[in-house]
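K.L.:
Structure below; questions to follow.
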Amino acid sequence: MTAIVVGATYVWKRWKKQSVDVDVEMGQKPKKDTFVLDPVVVRPRSTVIGGFKNGYGQVPDIDLTDASEIFKQTGFEFHFADGEEVKLDFWVGKGNFSIAYFAQKLTGEFAVEKRITEKDAIKASLREATVQRRCAQAGKGVAEIWNTVNLGTSLHHFFKVAGFGSARNLLDLVKCSSDTKLNTDIVTWLGLSILRGLETIGREGVIHRDIKPENILVYADGEICITDFGCIEINDDKDNLMLPWHSDGDKRFRSPDQLEACRLKGNAKFNGPKGDVFAAGLVLLLAHFNEDDPRILLGMPMSFRECVRVCDKPFFGSKFAPIFQSQPPNSLMGSVRQLVEVNPEARLTAEQARRLPYFSRHEGMLEDKEARMKDLAKLKAIKKTVASISAREARGINNAEQAEYYNNNSTTVAGGQADLSEQLPYNNEGEQADYN
Ligand SMILES: Nc1ncnc2c1ncn2[C@@H]1O[C@H](COP(=O)(O)OP(=O)(O)OP(=O)(O)O)[C@@H](O)[C@H]1O
Ligand SMILES: [Mg+2]
């Protein structure tokens, strides 16, 4: 029940672009001991996958004991309302093609399970996972896959749990904060991490093609990685990185040159890796300007068909000009400008971008995980305080006594955020029809 409330609030908020998620933390003080919970049910896992020695148990629902343990291990938080059924039918996150659930290693460690059951999808997903694993082993910035178990009729990938979910959550948290230094640090860290991930996959000849906040994972231990290799292209020819115009990926994050290729159709192509860099730049702009959707940020038409018609290079140029007008070249935004450069020849590669003075000056952020964890904790605390105040204001509870009562008797939880991002229609493959 609570999960539904949280999900609905989230969707509503994304469309309305509200800055505070009042329903989620209604009246709740940021208490440190929220997670000290009494065990409620001890339940054997229903299905074990991958063998009884090293396998994973699927977790069909989350009770308070699970929630408490998951939080302790991974930093991932849940909401339970008082008096409600203690089990939640809970998923970690939803994509277009799969839902990520919790699983637990038989040794006790929690994991995220992506389950694929369609025959064709299994084949594609096996390839996707093989490449993701190879990239994660080759360098940093790519989400690790612990195990893949192929049962023939279903395929199961097991990942380390990203306690903060996807970067979409990070963007939402940044929105609640007016601490400019903290927000700039977070956006810089996000930028460095995505560029590092792109550099790693680039060395492996991989083009991601679907860089967006939902495909970037934020781990509570201070690391950010690229995930979801469902749209990748592998290109062994480093001198020819051009992709066909109809190439996959979220259409809202397409580069001006891909949109141009979509207009021309036929044999028209665009530069794949530079498309990833452009999308990364858009993610950073969204985070910096507290926006959810590139179309809103840049005043693009909501319909993709219209977007292809209208959004040419001069269109992007005219939208970016005021954004970057007064940004010093060696600042964060001055550097992001070079990621969203309209002209792909002038746009930097991920490798070049990481070596920009601003990013190389901050390179150390990637290693200082303690500091990143502190930043995440600060953001979370800010969000909780803001949500708590707003909830009280929304209900007209100004009296301290009433507020105290309210805080003690409303939502009790194991916590805060889950990425329940509903996919926008723009993102659906059904929109492919737009091209025809
Ligand atoms: N390891 C993880 N830890 C926490 N959350 C995760 C993890 N992996 C995935 N998620 C959540 O699940 C969502 C969907 O995962 P993912 O993008 O890998 O699946 P998908 O179905 O292939 O997505 P898409 O529709 O974008 O192709 C992510 O956006 C994220 O919110
Ligand atoms: Mg995804």
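K.L.:
Using Cβ contacts closer than 10 Å as the measure, can you line up E351, E69, E77 from fewest to most?
P.N.:
Details: E351 15, E69 19, E77 22.
Ranked by crowding around the Cβ, least crowded first: E351, E69, E77.
K.L.:
Ok, one more. Work out how much length R355 to N343 would gain on full extension: take 0.36 nm times their residue separation and subtract the Cα-Cα distance, in nm to one decimal.
P.N.:
Stretched fully, the R355-N343 segment lengthens by 2.4 nm.
K.L.:
Let me ask something else. Could you calculate the FRET efficiency of N290 with N150 from 1/(1 + (r/R0)^6), where r is the beta carbon distance between them and R0 is 41 Å, rounded to 0.05? Mind dumping the intermediate values first?
P.N.:
Details: r = 42 Å, r/R0 = 1.03.
Calculated value: 0.45.
K.L.:
I would also like to ask the following. Can you order the peptides 256-264, 111-119 by their average number of other Cβ atoms within 10 Å per residue, highest first? Before the final figure, lay out the partial values.
P.N.:
On the way: 256-264: 21.3, 111-119: 18.9.
The most tightly packed comes first, giving 256-264, 111-119.
K.L.:
Which FRET efficiency, nearest 0.05, do E367 and N240 yield, Cβ-Cβ r, R0 30 Å?
P.N.:
Details: r = 35 Å, r/R0 = 1.16.
Between E367 and N240 the formula returns 0.30.
K.L.:
Would you mind giving the average projected area, over all directions, of the Cα convex hull of segment 289-363 in nm² with one decimal? Before the final figure, lay out the partial values.
P.N.:
Values: hull surface 22.9 nm².
Average projection, Cα convex hull of segment 289-363: 5.7 nm².
K.L.:
Okay, next question. By average Cβ neighbour count within 10 Å, what is the ranking of 289-301, 204-216 from highest down?
P.N.:
Numbers: 289-301: 17.1, 204-216: 23.3.
Put in order of decreasing packing, that is 204-216, 289-301.
K.L.:
Return the distance in nm (one decimal) between the two label points of a simple spin-label model at R305 and A268, each offset 7 Å from Cα along Cα→Cβ.
P.N.:
If labels sit at R305 and A268, their model points lie 1.6 nm apart.
K.L.:
Can I ask one more? Which entries of K119/K140; K212/K378; K94/K123 have Cα-Cα distances beyond 22 Å here? Before the final figure, lay out each step's value.
P.N.:
Numbers: K119/K140 31 Å; K212/K378 24 Å; K94/K123 20 Å.
Beyond 22 Å: K119/K140; K212/K378.
K.L.:
Follow-up. On full extension of the chain, what length is gained from E204 through A138, given 0.36 nm per residue of separation minus the C-alpha to C-alpha distance?
P.N.:
23.0 nm
K.L.:
How big is the shadow of the Cα convex hull of segment 167-370, averaged over all directions, in nm²? Can you show the working numbers first?
P.N.:
Details: hull surface 43.9 nm².
Convex hull of Cα atoms, orientation-averaged projection: 11.0 nm².
K.L.:
Given segment 127-178, report the % of alpha carbon pairs whose separation exceeds 14 Å. Intermediate values should be presented prior to the final figure.
P.N.:
Details: 852 of 1326 pairs.
Here the long-distance tail beyond 14 Å is 64 percent of all Cα pairs in segment 127-178.
K.L.:
Which of Y56, Y358 has the fewest other C-beta atoms within 10 Å, and how do the rest follow up to the most?
P.N.:
Ascending Cβ contact count within 10 Å gives the list Y358, Y56.
K.L.:
Give me the extension gain from T117 to K72: residue separation times 0.36 nm, minus the current Cα-Cα distance, reported in nm with one decimal.
P.N.:
Numbers: separation 45, 0.36 × 45 = 16.20 nm, distance 3.10 nm.
Here the answer is 13.1 nm.
K.L.:
Given Cα pairs under 8 Å that are at least 6 residues apart, what percent is the relative contact order of segment 167-370? Don't jump to the answer; show the numbers that get you there.
P.N.:
Details: 291 pairs, mean separation 50.1, N = 204.
It comes to 25 percent, rounded to a whole number.
K.L.:
Right, here's the next one. Quick check on packing: order 374-382, 268-276 by the mean number of other C-beta atoms within 10 Å, highest mean leading. Present the calculation step by step, with values, prior to reporting the outcome.
P.N.:
Details: 374-382: 17.7, 268-276: 23.3.
Taking the mean over residues of other Cβ atoms within 10 Å, the ranking is 268-276, 374-382.
No value in this document is a laboratory result; all are computed from the given coordinates. Not measured: the values here are computed from a predicted model. Every residue, glycine as well, gets a Cβ built from its backbone with ideal geometry; the counts of neighbours run over all protein chains shown.
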